[in-house]
Amino acid sequence: MSCTPRLWLAALLALLLLADQLLPPPLPTRSAPRAQLVLARDGTPLRAFPDREHIWRHPVRLDEVSPRYIEGLIGFEDRAFWWHPGVNPWALLRAGVLGLQHGRIVSGGSTLTMQVARLLEPTPRTAAGKLRQIARALQIELRCSKREILELYLAFAPMGGVLEGVEAASRAYLGKPAQRLSESEAALLAVLPQAPSLLRPDRHPERARAARDKVLDRMAGRWTARAIADARQEPVIAQPVREPLLAPLFAERLRRLQPHAARIESTLDAAMQQMVEQLLASRLGILPPRVSMAALVMDNETLEVRAYAGSADFTDTERFAHVDMVQAVRSPGSALKPFLYGLALDEGLIHSESLLADVPQSFAGYQPGNFQASFSGPAGVSEALQRSLNVPAVEVLERLGPQRFVALLRRGGLRLELPPGATANLSVILGGAAVSLEGLVGAYSALARAGVSGRPRYFADSPLVESRMLSEGAAFIIRDVLESGGPVARLVDGGIGSRRGIAWKTGTSFGFRDAWAVGVSDRHTVGVWVGRPDGTPNPGFFGANIAAPLLVDIFSVIDDSPPAARVPPPGVGSARICWPLGTRSEGTPAALCHQQRTAWILNDTAPPTFPDRLRTGSARRIDYRDSATGRRVRPGCSVGDMRAVEMARWPAALEAWLDPALRARALPPPWTVGCSAGDGSNAGDGLQIVGLSNGETIRRAGNGPPARLRLEARGGEQELIWLLNGRQVGRVPARQALTLSFAEPGSFQITVMDQTGQHDRVEISVR
């Protein structure tokens, strides 16, 4: 019989445990729909996503809340919190006695655990509801630590309107994190859950102040008298409740990556993000409707993203506000050229001053032109990259191979998107493939990271994904070339790149659909895109005039530190180079060195100029001169003594572009009467402009229509290319005329070339 009470007790405990298992408390689970908060790296809320009831909740850990708030909450609501099992019988008894004496509820007997139970599972304010609340509180205490229970209260306590939790209330009403609450603010938020609607500090500041002072009275003996007195003097001032909305598209992206996380902690710098968004907003007034912008800032050391603006204005639906252009795949225009020249350096195809031909050329039918439809003639690699010349880039890509170029980029971490069913061709370097701003930023970081690119990271614990894009030496050379200035830098800020240690490149896609600017400093890589997300052209919008100034401004506000001194890494040296051969000057006879350039060379390699595309034979050749006249002869046609002369030949396509002094030095003299080339080449003498004389003046008839000229040439082969002041104005079959109008007076240089390198040129005036 003595065992019977124990058996009954054991049976009762078993039943309670079974009931606990069958009817567990509704504790939040990972998969349950919940409010989400995306945070910057310092804890600043970027964007809050409400739950199904549109509740804003900012979950926080206990150590992220001011100790003053914890003290005030426990001191006011539940002084026995740390030792009771979920229910305080003395408090319940006291509340019951006071209720009977006054005929109404005077003092609550609920513990914080019971309040958590009611927050998680609302119950009616009846005796049955109170009993259910007590049972749930006991269950919660069995399953959770005191710290966990307190964190549930910190997250779910009602704070007025759609706000729940102390962090949401602190951010919304006070504009600060809960970690920095003063005694006055802590007391205010501690009492707010008692009557959230009636005590909202933004709507009822006097009521809120009176309630706050009750908490301060209760804290006598726990806080110093001086602290309480000072707290009483603080006015209750609350800002209007606004949803945090910083980096909204970025927050949406992270939310999709972590759909079940209540707190999503990112790598963004809140202050930097705000500055970038303000810069974008400041430019909205000069942009046409429906034009958007995007910007991305990445830390070079950690690869962590510090600023992310996916659209120009999240509130402007006409500008496709919700389309994230950081992720969008678009044509990069010329933005891939630094990688082309860097990879060509690594392949031993070029040095920084390799001679390239910026002239009209046909590459197996592909005929690229420059952005301004003009040509410069001879251009070194540095000039070609700084000025973003198209034809030289295609010339280098032809030597490297477009498919190999795409493969090397993929190896380096940058994947190009080609049209369906298409293979890589020469148009890739001029925008014939597509990339994202995110991908470009990761790739460009290689210029500041010794040739190693990196995938942008959005979480501090994300894996570090790196790829070797360029050798350290090639990365140094390309960055140095881009830093030295060029037209873009002078346009924007008089060479700011060389002074600030910023290297950048612009890009403009076909039809002015996309304007890009991507650059690096020691600390950051920044990318900017401007355009219409629907792909509509924006005439006059190109990288240099619309994207580059924004890029420079972003660097100005995020990174004002002076650049670190840089020295060439092992494998990089300088050398004097001779044009047209492209070889070192110390090993080149003076007669063959028509121009000297100082070049960066990689691995002590100075590759020669590319083989001539228009004519065969060596760039160094033996020519013969009549000893008496100095005119050109060949064995078998000379009537007197002749002497051998070694000559360096310029690429045939460039001969028409040499200035008079260089032409006189570089080109052979005319043939002696009775002699000819003998190889079928007219050496520039066969193609002639007819109907126009050098120095001729063309006059319009009074106020009549613009002067019109019929341009004809004889002796050309295949296709004729006509240029006006270096700008291509037409391509016609040989023996076909071209009509040209001159709307404005001036001096003009007319040049004609054919596919074999023959050329002729006249200068005229139009009055």
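Do we find that Ala195 is under 18 Å from Asp63 (Cα atoms) and not polar (S, T, N, Q) in this structure?
On the way: under 18 Å from Asp63 (Cα atoms): no; not polar (S, T, N, Q): yes.
So Ala195 fails the test.
Here are Ala307, Ala312: which of them is touching a strand residue (DSSP E or B) at 6+ places or on another chain (Cβ under 7 Å) and in a loop (DSSP other than H, G, I, E, B)?
Answer to the selection: Ala312.
Regarding Pro124, is this residue without any contact (Cβ under 8 Å) to a residue 24 or more places away in the chain and not in a strand (DSSP E or B)? Yes.
Within segment 559-578, the presence of a residue that is at positive phi and free of Cβ contacts under 8 Å to residues at least 40 places away in the same chain is excluded. One residue stands out in segment 589-617 among those that are touching a residue at least 12 places away in the same chain (Cβ under 8 Å) and of a type in the set (Ser, Thr, Tyr): the one that is surrounded by the most Cβ atoms within 10 Å (Cβ to Cβ), namely Thr609.
May I ask you to say which residue of Ser453, Ser382 is buried (at least 20 other Cβ atoms within 10 Å of the Cβ), among the polar types (S, T, N, Q), part of a helix (DSSP H, G or I) and in contact with a Phe, Trp or Tyr (Cβ under 9 Å, 6 or more places away or on another chain)?
Values: Ser453 fails: part of a helix (DSSP H, G or I).
Selected residue: Ser382, the only one of Ser453, Ser382 that is buried (at least 20 other Cβ atoms within 10 Å of the Cβ), among the polar types (S, T, N, Q), part of a helix (DSSP H, G or I) and in contact with a Phe, Trp or Tyr (Cβ under 9 Å, 6 or more places away or on another chain).
In segment 79-104, the residue that is modelled with the lowest pLDDT out of those that are surrounded by 12 or more Cβ atoms within 10 Å (Cβ to Cβ) and outside any helix (DSSP H, G or I) is Asn88. The single residue among Pro201, Pro205 that is in the same structural domain as Pro67 (by TED's automatic domain parsing) and crowded, with 21+ Cβ neighbours inside 10 Å turns out to be Pro201. Scanning segment 709-749 for residues that are modelled with pLDDT of 85 or more and basic (Lys, Arg) gives Arg710, Arg714, Arg731.
For segment 351-379, how many residues meet the condition of being among the aliphatic types (A, V, I, L, M), closer than 17 Å to Cys578 by Cα and touching a Phe, Trp or Tyr at 6+ places or on another chain (Cβ under 7 Å)? So that I can check it myself, show each step before the final result.
Narrowing segment 351-379 to residues among the aliphatic types (A, V, I, L, M): 355-357, 359, 364, 373, 379.
When the remaining residues are screened for being closer than 17 Å to Cys578 by Cα, the result is 355-357, 379.
In the following step, the residues that additionally are touching a Phe, Trp or Tyr at 6+ places or on another chain (Cβ under 7 Å) were identified as 355.
Count: 1.
Among what's in segment 316-338 and is in a helix (DSSP H, G or I) and among the basic types (Lys, Arg), pick the residue that is surrounded by the most Cβ atoms within 10 Å (Cβ to Cβ). Applying the filter and picking the extreme gives Lys337.
Does Asp604 meet the test of being on the phi > 0 side of the Ramachandran plot and among the acidic types (Asp, Glu)? The answer is yes for Asp604.
The numbered conditions (1) at pLDDT below 90; (2) in a loop (DSSP other than H, G, I, E, B); (3) out of contact with any His (no Cβ under 7 Å at 6 or more places or on another chain) are all true for Arg41 except (1). Inclusion of Met219 among residues that are assigned by TED's automatic domain parsing to the domain that holds Asp42 and buried (at least 23 other Cβ atoms within 10 Å of the Cβ) is not warranted. Could you go through segment 132-145 and let me know if any residue there is among the polar types (S, T, N, Q), touching a residue at least 60 places away in the same chain (Cβ under 8 Å) and assigned to a helix (DSSP H, G or I). The answer is yes; a qualifying residue exists. The number of residues in segment 279-297 that are buried (at least 23 other Cβ atoms within 10 Å of the Cβ) and farther than 20 Å from Gly540 by Cβ comes to 3. Do we have any residue at all in segment 342-349 that's crowded, with 24+ Cβ neighbours inside 10 Å, in a strand (DSSP E or B) and either modelled with pLDDT of 90 or more or not assigned by TED's automatic domain parsing to the domain that holds Thr751 (or both)? Checked against the condition, which is being crowded, with 24+ Cβ neighbours inside 10 Å, in a strand (DSSP E or B) and either modelled with pLDDT of 90 or more or not assigned by TED's automatic domain parsing to the domain that holds Thr751 (or both), segment 342-349 yields no hits at all. Take the residues in segment 382-423 that are under 27 Å from Gly582 (Cβ atoms) and among the small types (Gly, Ala, Ser); name whichever of them is farthest from the chain's Cα centre (by Cα). If we take residues in segment 382-423 being under 27 Å from Gly582 (Cβ atoms) and among the small types (Gly, Ala, Ser), then Gly401 is farthest from the chain's Cα centre (by Cα).
Checked against (1) modelled with pLDDT under 95; (2) touching a strand residue (DSSP E or B) at 6+ places or on another chain (Cβ under 8 Å); (3) at negative phi, Glu318 passes all but condition (2).
Of all the listed residues (Val766, Val762, Val752), the sole one being modelled with pLDDT of 85 or more, in contact with a Phe, Trp or Tyr (Cβ under 7 Å, 6 or more places away or on another chain) and under 20 Å from Gly377 (Cβ atoms) is Val752. Out of the residues in segment 663-691 meeting the condition of being of a type in the set (A, V, I, L, M) and surrounded by fewer than 18 Cβ atoms within 10 Å (Cβ to Cβ), tell me which one is modelled with the lowest pLDDT. Filtering segment 663-691 for residues that are of a type in the set (A, V, I, L, M) and surrounded by fewer than 18 Cβ atoms within 10 Å (Cβ to Cβ), the one modelled with the lowest pLDDT comes out as Ala677.
Here's the yes/no breakdown for (1) under 19 Å from Ile478 (Cβ atoms); (2) modelled with pLDDT of 85 or more; (3) in contact with a helix residue (DSSP H, G or I) (Cβ under 8 Å, 6 or more places away or on another chain):
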| position | (1), (2), (3) |
| --- | --- |
| Gln361 | no, no, yes |
| Gln367 | no, no, no |
| Asn370 | no, no, yes |
| Gly380 | yes, yes, no |
| Leu385 | yes, yes, yes |
| Ala393 | yes, yes, yes |
| Val396 | yes, yes, yes |
| Leu400 | yes, yes, yes |
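Considering Ala251, Ala295, Ala247, the condition of being of a type outside the set (Phe, Trp, Tyr), at positive phi and touching a residue at least 12 places away in the same chain (Cβ under 8 Å) is satisfied by Ala247 alone.
Of the residues Ala262, Ala211, which is free of Cβ contacts under 8 Å to residues at least 24 places away in the same chain and either within 45 Å of the chain's Cα centre (by Cα) or farther than 21 Å from Leu296 by Cβ (or both)?
Working: Ala262 fails: free of Cβ contacts under 8 Å to residues at least 24 places away in the same chain.
The conditions single out Ala211.
I'd like the residue in segment 697-746 that is polar (S, T, N, Q) and farther than 26 Å from Gln367 by Cβ and, out of all such residues, is surrounded by the fewest Cβ atoms within 10 Å (Cβ to Cβ). Among residues in segment 697-746 that are polar (S, T, N, Q) and farther than 26 Å from Gln367 by Cβ, the one surrounded by the fewest Cβ atoms within 10 Å (Cβ to Cβ) is Asn703.
The values are calculated or read from the model by the stated rules, or taken from the named source; none is laboratory data. Computed from a predicted structure; not experimentally measured. All Cβ positions, even for glycine, are placed from backbone atoms using ideal geometry, and neighbour counts span all protein chains on display.
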